[in-house]
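S.K.: Below is a structure I'd like to ask you about.
The values are calculated or read from the model by the stated rules, or taken from the named source; none is laboratory data. All values derive from a computational prediction rather than experimental measurement. Note that we place each Cβ from the backbone using ideal geometry, even for glycine, and neighbour counts take in every protein chain shown. Surface areas here come from the heavy atoms of the whole protein model, side chains and all, with no ligands, DNA or RNA. Shrake-Rupley method; radii C 1.70, N 1.55, O 1.52, S 1.80 Å.
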Amino acid sequence: MKMLPLTPDGQTPVRALTIAGTDSGGGAGIQADSRTMAMCGVHACVAVAAVTVQNTVGVTGFHEIPPQVVADQVRVVVRDIGIGAAKTGMLASTTIIESVAAVCREVGIGRDGSIPLVVDPVAASMHGDPLLHASALDAVRSTLIPLATVLTPNLDEVRLITGIEVVDDATARKSAEALHALGAQWAIVKGGHLRTSEHSTDLLYDGDTFREFTAPRIATGNDHGGGDTLAAAITCALANGYEVPDAVAFAKEWTYRCLAASYDLGAGHGPVSPLWRLSART
């Protein structure tokens, strides 16, 4: 696997920003984003949008950060530190989504700005616990998705956003077209949750061309944080100047290796792990 370049000691590395919720169990959310960014040699900046109460078994609650505080975190980071790319994860509510969208437009984050944005439209945990108020789905469609350089929903989120149930290649392509029509520059329909297939195939669409990225399916229940990891890896590659198809190809292989290195944790689903990078020889 071709790794992203590491900055020599003492020199400022590439920077990226994640705007998302925390995971007190450490497997997903901002924790997963920051782990992948660090292992990819990227300095991770964060804007906390929500604090969840969760472990490997499920989410029992969450607390929203005031929308202005979320936006202020984004603003001060971009103006002082500067970033090469950004991503969103759990944004929890309509008011936070609107606040994040406004500050992203202000500082040049998004498909029409100078800083690419990966939108992971987190709506529920892998256990099915809600991480987004139902009333906020319209804001995701009308306010957040049109900012996306790359949109990375899982199949449950595809269904909630488009109303399309993905069961095969034809419905995957139909849903990718529907996602792109909402305003995303590139839309990915991820096949990781399509358990009937022997392979996990992600479909990337830009309004003109479909591209497929396939990896063997790994038989493990330890896949917590897989979606966050994929989106964070795309963000890292974009921050390093990759074009979107190349960034997705890198992230697909990165996430496959993280799944292969996943481990047991607690009584539920363990996390995918980028820690394999510590022992990998480049």
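S.K.: Please report the projected area of the stretch 113-183's Cα convex hull averaged over all directions, in nm². Mind dumping the intermediate values first?
M.R.: Details: hull surface 19.9 nm².
Quarter of the Cα hull surface area: 5.0 nm².
S.K.: What is the ratio of the Cα radius of gyration of the stretch 156-251 to 2.2 N^0.38 Å, with N the residue count, to two decimals? Don't skip to the end; give the middle numbers.
M.R.: Numbers: Rg = 13.2 Å, N = 96, 2.2 N^0.38 = 12.5 Å.
In units of the 2.2 N^0.38 Å rule of thumb, it is 1.05.
S.K.: Among DSSP beta bridges lying fully in the chain, give the percent that are antiparallel, nearest 5.
M.R.: Working: 16 of 37 bridges.
The antiparallel proportion sits near 45 percent.
S.K.: Of the beta bridges DSSP finds with both residues in the stretch 79-183, what % are antiparallel, to the nearest 5? Could you put the intermediate results ahead of the total?
M.R.: Values: 1 of 8 bridges.
Antiparallel bridges make up about 10 percent of those DSSP assigns within the stretch 79-183.
S.K.: Normalised by the residues of the chain, what does the relative contact order come to in percent, with Cα pairs under 8 Å and at least six apart? Each step should come with its number before you reach the end.
M.R.: Details: 632 pairs, mean separation 50.1, N = 282.
Once divided by the residue count of the chain, the mean separation gives 18 percent.
S.K.: List the lysines whose Cα sits under 28 Å from the Cα of Lys2, skipping any in the same chain fewer than 8 residues away.
M.R.: Lys87, Lys190, Lys252
S.K.: What fraction, in whole percent, of alpha-carbon pairs in the chain exceed 25 Å separation? Could the numbers behind the result be given before it?
M.R.: Values: 15642 of 39621 pairs.
Taking all Cα-Cα pairs of the chain, the fraction more than 25 Å apart is 39 percent.
S.K.: Mind checking the alpha-carbon convex hull of the stretch 41-96 and giving the volume per residue in Å³? All intermediate terms of the calculation are to be shown ahead of the outcome.
M.R.: Values: hull volume 5.5 nm³, N = 56.
Output value, Cα hull per residue: 99 Å³.
S.K.: Given the convex hull over the Cα atoms of the stretch 143-198, what projected area results after averaging over all orientations, in nm²?
M.R.: Numbers: hull surface 14.0 nm².
Reported value for the Cα convex hull: 3.5 nm².
S.K.: Still on this structure, please answer the following. What shape does the stretch 1-84 take by its C-alpha gyration tensor, where a ≥ b ≥ c are the square roots of the eigenvalues and a/c under 1.5 counts as rounded, a/b above b/c as prolate, and the rest as oblate? Before the final figure, lay out each step's value.
M.R.: Details: a/c = 3.64, a/b = 1.37, b/c = 2.65.
Taking the square roots of the gyration eigenvalues as a ≥ b ≥ c, the stretch 1-84 is oblate.
S.K.: So what's the Cα pair-distance distribution over the stretch 95-144, bin width 10 Å, in %?
M.R.: 24, 49, 23, 4
S.K.: Given a 1.4 Å probe, how much area per residue of the stretch 53-120 is accessible, in Å²? Could you put the intermediate results ahead of the total?
M.R.: Values: 2770 Å² over 68 residues.
Accessible area per residue, the stretch 53-120: 41 Å².
S.K.: Then there is this: Where the eigenvalues come from the Cα gyration tensor of the stretch 65-124, what are the semi-axes √(5λ) of the equivalent ellipsoid, largest first, in whole Å?
M.R.: On the way: eigenvalues 64, 38, 18 Å².
They are 18, 14, 10 Å, listed from largest to smallest.
S.K.: With a 1.4 Å probe and all protein chains in place, put Leu137, Leu6 in order of accessible area, largest first.
M.R.: Details: Leu137 30, Leu6 110 Å².
Per-residue accessible area, sorted high to low, gives Leu6, Leu137.
S.K.: Right, next: How far apart, in nm, are the 7 Å Cα→Cβ label points at Thr7 and Glu165?
M.R.: Simple spin-label model gives 4.8 nm for this pair.
S.K.: So, one more: Hey, what's the per residue convex hull volume over the C-alpha atoms of the stretch 29-149, in cubic angstrom?
M.R.: Working: hull volume 11.9 nm³, N = 121.
Cα convex hull per residue, to the nearest whole number: 98 Å³.
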